[in-house]
Amino acid sequence: MEMTTIIGILAGLAALVGGFLWEGGQINGLMQGAAALIVFGGTIAAVVISFPLARLKTIPKALRFAFTRQTDNTEQLIEDVVNMATTARRNGVLSLERMAVDHPNSFLREGMQMVVDGTDHELLRQIMELEIGAVEQKHESYAKIFESAGGYSPTMGIIGTVMGLIHVLGSLTEPTDLGPSIAVAFTATLYGVAAANIIFLPIASKIKSRSDDEIQNMELLLEGILAVQNGEHPNLVRKKLVSFTPAERYHAPAVKEGYHEHETAE
Amino acid sequence: MEMTTIIGILAGLAALVGGFLWEGGQINGLMQGAAALIVFGGTIAAVVISFPLARLKTIPKALRFAFTRQTDNTEQLIEDVVNMATTARRNGVLSLERMAVDHPNSFLREGMQMVVDGTDHELLRQIMELEIGAVEQKHESYAKIFESAGGYSPTMGIIGTVMGLIHVLGSLTEPTDLGPSIAVAFTATLYGVAAANIIFLPIASKIKSRSDDEIQNMELLLEGILAVQNGEHPNLVRKKLVSFTPAERYHAPAVKEGYHEHETAE
Amino acid sequence: MEMTTIIGILAGLAALVGGFLWEGGQINGLMQGAAALIVFGGTIAAVVISFPLARLKTIPKALRFAFTRQTDNTEQLIEDVVNMATTARRNGVLSLERMAVDHPNSFLREGMQMVVDGTDHELLRQIMELEIGAVEQKHESYAKIFESAGGYSPTMGIIGTVMGLIHVLGSLTEPTDLGPSIAVAFTATLYGVAAANIIFLPIASKIKSRSDDEIQNMELLLEGILAVQNGEHPNLVRKKLVSFTPAERYHAPAVKEGYHEHETAE
Amino acid sequence: MEMTTIIGILAGLAALVGGFLWEGGQINGLMQGAAALIVFGGTIAAVVISFPLARLKTIPKALRFAFTRQTDNTEQLIEDVVNMATTARRNGVLSLERMAVDHPNSFLREGMQMVVDGTDHELLRQIMELEIGAVEQKHESYAKIFESAGGYSPTMGIIGTVMGLIHVLGSLTEPTDLGPSIAVAFTATLYGVAAANIIFLPIASKIKSRSDDEIQNMELLLEGILAVQNGEHPNLVRKKLVSFTPAERYHAPAVKEGYHEHETAE
Amino acid sequence: MEMTTIIGILAGLAALVGGFLWEGGQINGLMQGAAALIVFGGTIAAVVISFPLARLKTIPKALRFAFTRQTDNTEQLIEDVVNMATTARRNGVLSLERMAVDHPNSFLREGMQMVVDGTDHELLRQIMELEIGAVEQKHESYAKIFESAGGYSPTMGIIGTVMGLIHVLGSLTEPTDLGPSIAVAFTATLYGVAAANIIFLPIASKIKSRSDDEIQNMELLLEGILAVQNGEHPNLVRKKLVSFTPAERYHAPAVKEGYHEHETAE
């Protein structure tokens, strides 16, 4: 389980509160129930209005995706597909069934199962591309919820501060009280901006980054599955898949020179 | 009828007003007729200028779409299309007429009617894609109206506050009056920002979310209708349609193993 | 002539000024020549720099488009094209010349003239698509001018206010004069934000909405003209064109059942 | 030489300074060396970091493009291409060499030279499309530099003002000095916002407008050159090219009726 | 090694600090540990949350790319490809191996190696396009990290300032202390805005500019490698490649007139 999301949030809060205490501030000066009600209540309400119930129900899944999901190792996936390509060429595609059924990646597993079932090439591509599109859309809809929360919460902070100022200035009798009251009003801005920039927006960004990685892996697997179905040479499969990964391509196990001759000789 | 839109708006207003009262504010400090005239009058005027009359007349429909429209259940639609595929293969496409005529989804109904009428495959696709595009455009135009209101209202709030400050500062005689007068001026900002973030922008967002769901269903139905017209095997129809829905695909009723053999044996 | 643009602008100004007077402000407090010079002079200058002379000369046309242009009635256009399709099938395309020459829509007129002239199908499509693209680009360039004015004017307002504050604070001798002087400085912000949100941005938005409607009609006409040239059945032409208009499709005159039989029987 | 860029900048500065003087401000109140160093030094530094040296060296060319470049007259270009089409049909493409070699437009000249050289149709299109793409990219990179300067300069103004306030407030001993010092601090904001909105952003916008016009002409010429190579009838060439220009198409010299008959009779 | 990035950052800091000192500020007024903790701690935390660990680990590479990477000279690359085209036509593609193996550009080297290996034309294009896409994506992901830091740091500055104001105003006892304390609070805004505009955003922009140049070179090389594989005439190869570079095309070594005759005569 990758812990950077939770570590980052704790570190961010520690930096802000630590800086405040270092300046000599008192922690209870940051605790204002009314400001919290306005900012978090308002943000939650705006998010509830913004999305249908069915989407709101995916928030726990979205959080799990952001906090714990680990993307498969791309190099391992390439090796697995290359191994399947070798097996398929040696023993035929039916021999893939045993290898595929145990694979931890469900997209690869399902795709190889369709190869074993003898699904038509174009249909296989079409179904797997639809699945990639559907996964991409699901992740985007996860990220949009947090992005919209990150958009609403600072404005709710401004609303809270303006309401605080209206209250303070409207009932002003003793100018010396002005300072502390304005301090209280500013807490709402603090809550709204901090929640957006330490929690909502970074989580949306993490979801999008992880989605990018996962979609890239799925596209790589799709290319690999189709190549296995076509019975392409394992070296060629590796070469194609390695092209998806810029960093890898200089360190990939050297393709045997002259394999094209072997290829054409077969 | 899904109630989240109306519940969200009420909850949002409750959070803001509740926070204000908790701080000790008085509710009549938030009621300023002049600020309301500037913010809401100005926003309505800006929206009226921004769109032709014919679009403005769609606002009630847009509100109904945002507040009450419920998207069809995708799983049920898939089942219905699979049933139609089974019927069509067994009894021919003409037998679909009775099933289609009673279906609550008008897009499916109309599409199946065209299949029954023997409409040409490419023409059927073209007409249904035009309809999907037209529905998408209609929803976008609904959302745009609320988005533009959500863009204008905070600036109208700023205009109201600046006008209030001009009035207050321009006729300043007694500094002790300054506070309450500025409080009044800030009310316009409050109205503008709150209306945008509790009402206009979340409604625009809800319209877009519902449109996404509906368009996705229409695309799924289009694929299904074309598959039925082609006389594809119900299992294959289900497999295709299920690919549109990422969550479903792991729980879908297991496709009978070896159906491809049956398929090719037919 | 649709009056919503001019009515909207007057209503918007009335709401702002009315709110100001209601609060007890005096109208001459809003009249500041220097602020007007900075905001409107600066905005005009920025727009002049931003666009070549040839584009600036289209501003009167753009205003006419925003204030008075009325889009053709889509349903009437569909009926006219269907009538032409009927005539063309009965009497040949040459008989269209008399119908086309009087039609108020110049795009339809010109397209049908090309059909009568026997222009090649692909060439006809290519020329008419180029024209649609050119009209779209012309409208976009109209809208861009007002959008850029709406972007510059609030910043010119800020410049005016900052310059006012520099003047006021720089020569501060009597603190009691501060209030009225700052009020004067704020007028520039008021001018800039109000001009952008009551005039420039809504006009840009109106131009874009009208352009959308007009382009949609042109695309519908293009499809209709090509269908007439192909000699398609009037019922089919109507069905295609109606697909462009989501609201219409449920109320369109019922397509005679069984027309496909007639069609194939011909 | 079109002078609107330089005239606009001078007019914009005159409007701002004029408004300031009208209010009774003193011109030396606007002259602050330190603010200028922060805003312009900071903006130049940020631009230098943002772009590789090779791009920075194109700034003089970009300025020349924005200040003096005049786009070719589209109608004249159409006439020239139509004349070439007539010559080519009458005397063969080799006769174009003399006409092309003297043409002021280098893109047309070069394209016609390739026609004379007998370059293959698809290769000609490919090479000319690559050139259009390269010119478009060059103009975009010109505009990006000024856009980024227009993005940095207001934030440098804010930095300057904040630094001024830190200095003023940090060493505050005599409250009566506060006003003039804050006035000085605000000068940085004034510089940053004014430079962005009177100089940087409008120049970027002008570059993009001119680029649009030039690219549109190049696309029109490309279509014309290919039509000449194909030996198309001059009337048809004119009809095609006129479709690129919405305003022209209603005033274009009337195409002789019945030219298609002549056409097919040839 | 191109030094503009580091020079720009130093010059930017010098301009800001120089302006501050010129105004009479004291350098230690700008040094606030608590503000630095809030702004930089908060920004780092937000970036850590926003990206998976694997992406964060690429930051050193991204910095190296922004600070030291020099793009290959395009004209030199064109000459090299043209030379290879000449060699390949004279001595066959196998003779390219010796030329390719020593070339400093790894993309050209690898592509020519694949030509020598006799890789299929379409497969070669597909693999090299995948590599270009992968490099583009890598650079984008570099830039995104700095862009997101540049987005978070000003808001962290605002958070720091608001926290400072809460502390100051909340414990206000002596109004004369207000000024220096607010000055301290503003330091956070200064840090956040300056870091974003002198460091984070310009570095992101530099990465994108360099990526554009590099991708353009790769696309040019891809076209060149495919042309060499096709055995195209060196003059034609040069003409194609030169079309990628707008500035060059007027100064390119003149293509011998009449080469098409030679070409077809071969």
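Have a look at A:Asp102, A:Asp80 and point out the one that is out of contact with any Gly (no Cβ under 6 Å at 6 or more places or on another chain), at pLDDT 90 or above and farther than 27 Å from A:Ile159 by Cα.
The conditions single out A:Asp80.
Within the stretch D:187-196, which residues are crowded, with 24+ Cβ neighbours inside 10 Å and free of Cβ contacts under 8 Å to residues at least 60 places away in the same chain?
D:Thr189, D:Ala196 - these are the residues of the stretch D:187-196 that are crowded, with 24+ Cβ neighbours inside 10 Å and free of Cβ contacts under 8 Å to residues at least 60 places away in the same chain.
Restricting the first residue to the stretch D:77-88 and requiring it to be of a type in the set (Gly, Ala, Ser), which pairs with a second residue that is not in a helix (DSSP H, G or I) meet a Cβ separation below 9 Å and a spacing of at least six or different chains?
Close Cβ pairs satisfying both conditions: D:Ala85/D:Gly231; D:Ala85/D:Glu232; D:Ala85/D:His233; D:Ala88/D:Gly231.
Is there a residue being at the interface with chain C (Cβ under 9 Å from one of its Cβ atoms) and of a type in the set (Val, Ile, Thr) anywhere in the stretch B:89-105?
No, that holds for no residue.
Return the only residue of C:Gln113, C:Gln126 being touching a Lys or Arg at 6+ places or on another chain (Cβ under 8 Å) and over 14 Å from C:Glu223 (Cβ atoms).
Going through C:Gln113, C:Gln126 in turn, just one is touching a Lys or Arg at 6+ places or on another chain (Cβ under 8 Å) and over 14 Å from C:Glu223 (Cβ atoms): C:Gln126.
Right, C:Phe65: crowded, with 20+ Cβ neighbours inside 10 Å and touching a residue at least 12 places away in the same chain (Cβ under 8 Å) or not?
Yes, satisfied.
Can you say whether B:Ala204 is touching a Leu at 6+ places or on another chain (Cβ under 8 Å) and either without any contact (Cβ under 8 Å) to a residue 12 or more places away in the chain or not β-branched (Val, Ile, Thr) (or both), as far as the supplied structure shows?
No, not satisfied.
Among the residues of the stretch E:23-48, how many are within 14 Å of chain A (Cβ to nearest Cβ) and either part of a helix (DSSP H, G or I) or closer than 22 Å to A:Ala196 by Cβ (or both)?
Residues in the stretch E:23-48 being within 14 Å of chain A (Cβ to nearest Cβ) and either part of a helix (DSSP H, G or I) or closer than 22 Å to A:Ala196 by Cβ (or both): 16 in total.
Of the conditions (1) modelled with pLDDT of 90 or more; (2) in contact with a Pro (Cβ under 9 Å, 6 or more places away or on another chain), E:Thr71 fails just one. Which one is it?
(1)
Which of (1) out of contact with any Phe, Trp or Tyr (no Cβ under 7 Å at 6 or more places or on another chain); (2) surrounded by 14 or more Cβ atoms within 10 Å (Cβ to Cβ); (3) among the β-branched types (Val, Ile, Thr); (4) more than 18 Å from A:Ile9 (Cα to Cα) does E:Ile27 not meet, given it meets every other one?
(2)
When you scan the stretch A:107-120, do you find a residue that is closer than 30 Å to A:Pro52 by Cβ and either in contact with a strand residue (DSSP E or B) (Cβ under 7 Å, 6 or more places away or on another chain) or within 14 Å of chain B (Cβ to nearest Cβ) (or both), even just one?
Yes, some residue in the stretch A:107-120 is closer than 30 Å to A:Pro52 by Cβ and either in contact with a strand residue (DSSP E or B) (Cβ under 7 Å, 6 or more places away or on another chain) or within 14 Å of chain B (Cβ to nearest Cβ) (or both).
Is the stretch D:196-218 home to any residue that is outside any helix (DSSP H, G or I), under 34 Å from the mean Cα position of the chain (by Cα) and either at pLDDT below 85 or of a type in the set (S, T, N, Q) (or both)?
Checking the stretch D:196-218: not a single residue is outside any helix (DSSP H, G or I), under 34 Å from the mean Cα position of the chain (by Cα) and either at pLDDT below 85 or of a type in the set (S, T, N, Q) (or both).
So which helices (runs of 4 or more DSSP H) stay within the stretch D:62-154 end to end and still have 1 or more residues that are hydroxyl-bearing (Ser, Thr, Tyr)?
Those helices (runs of 4 or more DSSP H) span D:74-91, D:106-116.
Give me the pairs: first residue in the stretch B:20-31 and touching a residue at least 24 places away in the same chain (Cβ under 8 Å), second residue crowded, with 21+ Cβ neighbours inside 10 Å and among the aromatic types (Phe, Trp, Tyr), beta-carbon distance under 8 Å, and six or more apart or on different chains, which are they?
Hits for this filter: B:Leu30/B:Phe20.
Could you tell me whether any residue of the stretch E:44-54 is touching an Asp or Glu at 6+ places or on another chain (Cβ under 9 Å) and either of a type in the set (Val, Ile, Thr) or surrounded by 18 or more Cβ atoms within 10 Å (Cβ to Cβ) (or both)?
Yes, the stretch E:44-54 contains at least one residue that is touching an Asp or Glu at 6+ places or on another chain (Cβ under 9 Å) and either of a type in the set (Val, Ile, Thr) or surrounded by 18 or more Cβ atoms within 10 Å (Cβ to Cβ) (or both).
Spot the failing condition for B:Gln229; the list is (1) buried (at least 20 other Cβ atoms within 10 Å of the Cβ); (2) closer than 30 Å to A:Leu130 by Cα; (3) in contact (Cβ under 8 Å) with a residue 60 or more places away in the chain; (4) within 11 Å of chain A (Cβ to nearest Cβ), and only one is missed.
(4)
Within the bounds of the stretch C:49-70, is there any residue that is within 30 Å of C:Val115 (Cβ to Cβ) and away from chain D (no Cβ under 14 Å)?
Yes, the stretch C:49-70 contains a residue that is within 30 Å of C:Val115 (Cβ to Cβ) and away from chain D (no Cβ under 14 Å).
With B:Ala14, B:Ala36 as the choices, which residue is touching a residue at least 40 places away in the same chain (Cβ under 8 Å) and over 30 Å from C:Asn73 (Cβ atoms)?
B:Ala36
For the subset of the stretch C:8-22 comprising residues that are surrounded by fewer than 23 Cβ atoms within 10 Å (Cβ to Cβ) and facing another protein chain (nearest Cβ under 7 Å), which member is nearest to the chain's Cα centre (by Cα)?
C:Ile9
The values are calculated or read from the model by the stated rules, or taken from the named source; none is laboratory data. Owing to the predicted nature of the structure, the values given are computational and were not obtained by experimental measurement. Note that we place each Cβ from the backbone using ideal geometry, even for glycine, and neighbour counts take in every protein chain shown.
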